[in-house]
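See below for the structure under consideration.
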Amino acid sequence: MASKKGKTGIVGFLAFTAIIFNAVAWILQYLANKFWAHLSEISNFLVSISSFFLLIVAVYTSYDFAKRQKRFWRIIWWLLTIVSLLAVFFGIGVNFLK
């Protein structure tokens with residue numbers, strides 16, 4: 001039986017996976033705040049994974065647009081991509097549920 005990836009292929013799969021991880025992470029974060037504090041660590045890990053997948057999808061799909069723009073906008077795209085990667089990998093940002 002063939003895999004049903006649709007028109008977007010692996011990019012769509014990564015986006016779908018990111019949405020699943022993000023939804024589970026929000027549910028776990030809610031439960032951690034209300035009942036079990038130890039679920040917070042698992043939730044933060046899932047948010048990190050979903051953020052990484054969403055960033056990969058955004059970078060991949062926006063690259064096609066950026067490479068057709070003038071040099072100034074391509075530089076802006078690279079800078080924003082680097083800042084976004086640093087934010088995901090080094091946890092730059094705020095978890096407002098804490």
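We did not get these values from a lab; they are worked out from the coordinates using the rules stated. If you're wondering where the values come from, they're calculated on a predicted model, not measured in any experiment. Cβ: placed from backbone, ideal geometry, glycine included. Neighbour counts: every protein chain shown.
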Note to self: Using DSSP to call loops (not H, G, I, E or B), can you name the chymotrypsin sites (Phe, Trp or Tyr not before Pro) in segment 22-52 whose Cβ has at most 16 other Cβ atoms within 10 angstrom?
What the structure shows: Phe35, Trp36
Notebook entry, point to check: Extension gain Ala66-Ile49, at 0.36 nm per residue separation less the Cα-Cα distance, in nm?
Noted result: 3.6 nm
